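For reference, the structure discussed in these notes is given below.
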Amino acid sequence: MSEQQPAANASATPEGLALEATAIRKSYPAPEGRLEVLKGVDLAVRRGTILAIVGASGSGKSTLLNILGTLDRADTGTVAIGGKRVHELKGAALARVRAREIGFVFQFHHLLPEFTAEENVMMPLRLTGRTAKDARPLAHDALRAVGLMERWSHRPAQLSGGEAQRVAVARALVSAPELVLADEPSGNLDPAAAEALHELMSSLARDRHQTFVLVTHNDKLASIADQVLKLQDGCLVPSG
């Protein structure tokens with residue numbers, strides 16, 4: 001089991017938790033039987049804070065992030081987002097939580113190339129039934145928050161790598177999710193663009209009280225976090 005200390009700038013009450021996971025275990029078939037990747041992971045993340053998870057390649061960081069984001073299921077254990085026990089949900093109820101309570105940012109922005117920045121950011125809202133009229137001002141607010149409102153009509157091919165990743169962050173924020181999960185979000189950027197993205201996420205956590213969980217190999221990205229944990233031998237332990 002991991003031993004996580006709460007972030008210093010967050011409430012100590014359970015109501016202040018954006019994310020809580022207990023006893024997460026995950027294994028996969030292997031020639032010798034089962035390969036246990038996660039061996040009882042515990043974590044608690046307070047609202048408005050940034051948690052960075054580091055660790056060696058193949059240690060299970062992305063597996064853990066997928067479980068926290070409901071993209072995969074643990075063998076055993078519980079996951080609660082904003083107090084809602086999402087590991088118990090299935091079908092449409094789980095899809096609603098994934099669409100409305102969780103934002104995702106991946107190493108590659110995965111923007112739809114035929115759509116503008118505005119249309120890409122609107123997409124999560126449109127998929128949950130919002131009209132274009134309702135979704136557009138929310139998309140503009142999200143683009144403004146990442147400093148790209150003036151690029152709203154540009155398609156991904158017309159954006160730099162850093163700008164495209166900022167659009168991906170805006171897309172993750174547009175539903176005002178409880179939690180944003182980011183897997184190596186600056187891993188495909190040059191140092192200057194990466195630094196700008198790190199500063200953006202830090203300011204979003206501070207100014208918008210947005211909660212981030214980051215998986216990264218990047219020490220500079222990890223340094224913006226309120227807390228850094230290392231995934232080692234299937235468990236989370238304090239880092240550094």
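Taken together, the values in this text are just the output of simple stated rules run on the coordinates, not laboratory data. Predicted model only: the values in this text are computed from it and were never measured. Please note: Cβ atoms are built from the backbone with ideal geometry, for glycine as well, and neighbour counts cover all protein chains shown.
At-a-glance table
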item: Largest to smallest principal axis extent of the C-alpha atoms in the chain, angstrom; result: 51, 43, 40
item: Inter-site label distance for E150 and T76 at 7 Å from Cα along Cβ, in nm; result: 5.7
item: Cβ-based charge dipole, the chain, positive-most Cα from A80, P191, A92; result: A92
item: Part-to-part distance (alpha-carbon centres) for region 179-240 and region 65-123, which is given in Å; result: 18
item: Extension gain (nm, one decimal) between A132 and V237, 0.36 nm per residue minus Cα-Cα; result: 33.3 nm
item: Additional length obtainable on full extension of the chain from D219 to S160, 0.36 nm per residue less Cα span; result: 18.9 nm
item: Zone residues, region 175-217, relative to A92, backbone N less than 12 Å from point 7 Å out along Cα-to-Cβ; result: none
item: Linear extension gain, A30 paired with D141, 0.36 nm per residue minus alpha-carbon span; result: 35.2 nm
item: Overall form of region 47-186 per C-alpha gyration tensor (a/c, 1.5; a/b vs b/c); result: oblate
item: Size of electric dipole in the chain: Cβ of Lys, Arg +1 and of Asp, Glu -1, about Cα centre, debye, nearest 20; result: 680
item: Sequence ranges 128-138, 57-67, ranked by mean other-Cβ count within 10 angstrom, highest first; result: 57-67, 128-138
item: Stokes-Einstein diffusion coefficient of region 125-240, Kirkwood radius over Cα pairs, 37 °C, 0.692 mPa s, in µm²/s; result: 214
item: Cβ-based net charge around R25, under 15 Å, with every Lys or Arg adding one and every Asp or Glu removing one; result: -1
item: Relative contact order of the chain, pairs being alpha-carbon contacts under 8 Å that are 6 or more residues apart, as %; result: 30
item: Relative contact order for region 124-240, counting Cα pairs under 8 Å that sit 6 or more residues apart, in percent; result: 20
